[in-house]
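The values are calculated or read from the model by the stated rules, or taken from the named source; none is laboratory data. Keep in mind that what you see is a predicted model, and the values were worked out from it rather than measured. Note that we place each Cβ from the backbone using ideal geometry, even for glycine, and neighbour counts take in every protein chain shown.
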Amino acid sequence: MNSYDPTDHQEPITWVRGYPIYAAHGIVLAYAISMVATAVLKFSGAVGILNLLPFVSDRVLHGEVWRLLSYGLLNPPDLWFAVDMVMIAWFGREVEKVFGRGKFLTFYACLYVLPPLALTAIGPWQTTALAGRAGAFALFIAFATLYPGVQILFTLLAKWVALVLVAIYTLMALSDRNLSAFVSLATTAGFAFAFVRYQQGRWELPSFRSSSSKPEEEPVVQISSRSSGRMTRNDSTMAEIDALLDKIAKSGFQSLTLQERARLDAARSEMVKRGKSR
């Protein structure tokens, strides 16, 4: 059982001139500083320092393990850097609002370290390299998984945009025989989708309990307590759905905020799961 609670929204870290600042904005700021530093080092000819930053599987396997973390600090200024920063700030903020700051930072840390770890694992057979910011597209995948019906890009639904982009990026990586790009896409996009589904309660981690072990008998009091707790959660879920449906009836579905849509989707999923278990 996971601890996802769609009503537990994280407050901003601070406010700047009435604008909320989240941890996702802090990530963007860190990358922006790294971009400026990269430009300054390139201008000054400090190639030796820059060569110590990117991930190279062969170098990591020979002991230069800092490259597993330093690869994201090498960010030459370009247009795609700006696009990725917008994606991290926008989609990252919405994901953070749903899961809270702690889970969001853990989620992003996993997105950051998974690609170099996976590439290191295949390093003995093929040398791979990686450099630059991470996780921007995976944050969009997480957003599209949370809000598949949200309209973006000329009224296209987020879920279809995500599927099309994953297909295009996969074909690009395969046609260029770019193993680093393919592994990075597969690990981050796959993890983002799985993380959201798990937090929503739609996926469960596999159980490794031995089938030969004798199950423990639970006291009658514990069973009654669980039943009572389940009834309380059911009543709370129904009340939440009723309130959201009333708002839809009065002002339309578009009047729901992104957080309210997440609550409605999570509550609906919970009811479906409960119906199947009966």
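Would you call V47 within 18 Å of S184 (Cα to Cα) and of a type in the set (A, V, I, L, M)? Criteria not met by V47. When G92 is tested against (1) of a type outside the set (A, V, I, L, M, F, W, C); (2) without any contact (Cβ under 8 Å) to a residue 60 or more places away in the chain; (3) surrounded by 23 or more Cβ atoms within 10 Å (Cβ to Cβ), exactly one condition is not met: (2). Taking helices (runs of 4 or more DSSP H) that do not extend beyond segment 46-101, which have at least 1 residues that are in contact with a Leu (Cβ under 6 Å, 6 or more places away or on another chain) and over 21 Å from I21 (Cβ atoms)? So the answer is 47-50, 57-61, 67-70.
Conditions (1) surrounded by fewer than 20 Cβ atoms within 10 Å (Cβ to Cβ); (2) modelled with pLDDT of 95 or more, marked per residue:
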| site | (1), (2) |
| --- | --- |
| P77 | yes, no |
| A82 | yes, yes |
| R101 | yes, no |
| F104 | no, yes |
| F107 | no, yes |
| C110 | yes, yes |
| V113 | yes, yes |
| P124 | yes, no |
| A142 | no, yes |
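Of V65, V16, V36, all but one fail to be over 27 Å from A121 (Cα atoms), surrounded by fewer than 17 Cβ atoms within 10 Å (Cβ to Cβ) and modelled with pLDDT of 95 or more; the exception is V36.
Scanning segment 103-138 for residues that are small (G, A, S), farther than 16 Å from H25 by Cβ and touching a residue at least 12 places away in the same chain (Cβ under 8 Å) yields a count of 7. W15 meets each of the listed conditions (1) touching a His at 6+ places or on another chain (Cβ under 6 Å); (2) assigned to a strand (DSSP E or B) apart from (1).
Okay, residues lined up against (1) in contact (Cβ under 8 Å) with a residue 24 or more places away in the chain; (2) among the hydrophobic types (A, V, I, L, M, F, W, C); (3) in contact with a helix residue (DSSP H, G or I) (Cβ under 8 Å, 6 or more places away or on another chain):
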{"site": "E11", "(1), (2), (3)": "no, no, no"}
{"site": "G18", "(1), (2), (3)": "no, no, no"}
{"site": "A24", "(1), (2), (3)": "yes, yes, yes"}
{"site": "S57", "(1), (2), (3)": "yes, no, yes"}
{"site": "G63", "(1), (2), (3)": "no, no, no"}
{"site": "R67", "(1), (2), (3)": "yes, no, yes"}
{"site": "R101", "(1), (2), (3)": "yes, no, yes"}
